[in-house]
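J.: Okay, here's the structure, questions in a sec.
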Amino acid sequence: MQRRDRGRLIVISGPSGTGKGTVISRLMELRDDLCISVSLTTRPPRPGEVDGKDYFFVTREEFSQKVEAGLLLEHAEFVGNCYGTPREFVEQKLDGGVSVILEIDVQGAEQVAASCPDSVSVFILPPSGTELERRLRGRHTDSEEKIRSRLLEAKRECAEAARYGYIVVNDSATAAAREIDAIITAEKCKSAYRINLVTEVLIS
Ligand code: ADP
Ligand code: 5GP
């Protein structure tokens with residue numbers, strides 16, 4: 001019988017508007033061994049966003065208190081707002097055998113790679129720069145100024161893609177979700193995580 005393994009930490013990054021949220025929700029339909037970490041942010045909610053579901057919306061002061069108390073696994077400033085991952089939720093889920101998705105920017109991903117070397121990292125690329133701009137504008141959630149900063153930031157972020165373990169192109173969201181599903185399955189089958197099963201077979 002297979003033992004319950006510790007969950008895996010799956011870091012997903014990519015430019016704003018590339019379709020991370022869309023792909024992750026498709027991925028959640030494909031697997032039942034995953035959960036998504038809800039981040040803290042100081043950015044105001046977009047129309048339709050729900051506190052505690054999309055983000056925990058906090059003030060800068062509340063955010064700083066959490067940072068100082070060491071309650072965040074990683075944190076970063078992105079286009080003028082702070083974002084961070086609550087540490088306790090992630091650790092509880094991993095200990096309970098559930099893998100956790102962190103949808104975070106490249107600065108946060110770098111911190112996670114340093115503190116959790118066995119995490120899995122995936123960079124989601126848009127099919128082209130033109131399509132990224134079309135998706136960002138089509139979302140109708142950001143001002144022209146914010147769209148321009150997000151597009152500038154996108155170029156910087158794409159330049160970091162080689163640091164990630166995997167790169168997935170979000171042309172079709174379903175195909176991109178299937179690729180990430182396959183990555184997670186392959187990562188869970190790595191011999192380093194299954195070697196104990198060999199001993200169990202040999203002594204049974
Ligand atoms: P992110 O989470 O990376 O900021 P979203 O998931 O909010 O991006 O997607 C940005 C916009 O692009 C949304 O309007 C979404 O419906 C659209 N979108 C996402 N994936 C695709 C895709 N594969 N093809 C076309 N449009 C997409
Ligand atoms: P948005 O404002 O579009 O929701 O997110 C902007 C950027 O912040 C995206 O690249 C997103 O992945 C990133 N982000 C969201 N939550 C976190 C977090 O907890 N930590 C870090 N470092 N980045 C985050």
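J.: Are any of the residues in the stretch 49-60 basic (K, R), open to solvent by 70 Å² or more (accessible area, probe 1.4 Å) and closer than 20 Å to V79 by Cβ?
T.: Yes, because at least one residue in the stretch 49-60 is basic (K, R), open to solvent by 70 Å² or more (accessible area, probe 1.4 Å) and closer than 20 Å to V79 by Cβ.
J.: Considering only residues of the stretch 47-60 that are assigned to a loop (DSSP other than H, G, I, E, B) and closer than 23 Å to S149 by Cα, which is farthest from ligand 2 (Cβ to nearest atom)?
T.: T59
J.: Moving on. For the condition over 19 Å from S25 (Cα atoms) and under 15 Å from the mean Cα position of the chain (by Cα), what is the one hit in S128, S119, S143?
T.: After applying the criteria, what remains is S119.
J.: Residues being farther than 13 Å from F78 by Cα and either out of contact with any helix residue (DSSP H, G or I) (no Cβ under 7 Å at 6 or more places or on another chain) or surrounded by fewer than 11 Cβ atoms within 10 Å (Cβ to Cβ) (or both): count how many of those fall in the stretch 128-153.
T.: So the answer is 14.
J.: Got a number for residues in the stretch 61-74 being more than 14 Å from ligand 2 (Cβ to nearest atom), open to solvent by less than 80 Å² (accessible area, probe 1.4 Å) and outside any loop (DSSP other than H, G, I, E, B)?
T.: So the answer is 1.
J.: Could you tell me which of the residues E160, E131, E153, E179 is within 12 Å of ligand 2 (Cβ to nearest atom), at pLDDT 95 or above, within 25 Å of I10 (Cβ to Cβ) and among the acidic types (D, E)?
T.: After applying the criteria, what remains is E160.
J.: Looking only at the stretch 154-163, which residues are crowded, with 18+ Cβ neighbours inside 10 Å and more than 15 Å from ligand 1 (Cβ to nearest atom)?
T.: Correct list: empty.
J.: Please verify whether V100 is open to solvent by less than 50 Å² (accessible area, probe 1.4 Å), within 11 Å of ligand 2 (Cβ to nearest atom) and under 15 Å from the mean Cα position of the chain (by Cα), treating the condition exactly as stated.
T.: no
J.: What single numbered condition from (1) within 16 Å of ligand 1 (Cβ to nearest atom); (2) in contact with a helix residue (DSSP H, G or I) (Cβ under 7 Å, 6 or more places away or on another chain); (3) not hydrophobic (A, V, I, L, M, F, W, C) fails to hold for R31?
T.: (1)
J.: For D5, work out the one condition from (1) more than 12 Å from the chain's Cα centre (by Cα); (2) within 16 Å of ligand 1 (Cβ to nearest atom); (3) surrounded by 12 or more Cβ atoms within 10 Å (Cβ to Cβ) it doesn't fulfil.
T.: Here D5 clears every test but (2).
The values are calculated or read from the model by the stated rules, or taken from the named source; none is laboratory data. Here the structure is a predicted model, which is why all the values come from computation and not from measurement. Positions of Cβ are backbone-derived with ideal geometry, glycine not excepted, and every protein chain shown enters the neighbour counts. Side chains included, ligands, DNA and RNA excluded: accessible areas come from the protein's heavy atoms. Shrake-Rupley method; radii C 1.70, N 1.55, O 1.52, S 1.80 Å.
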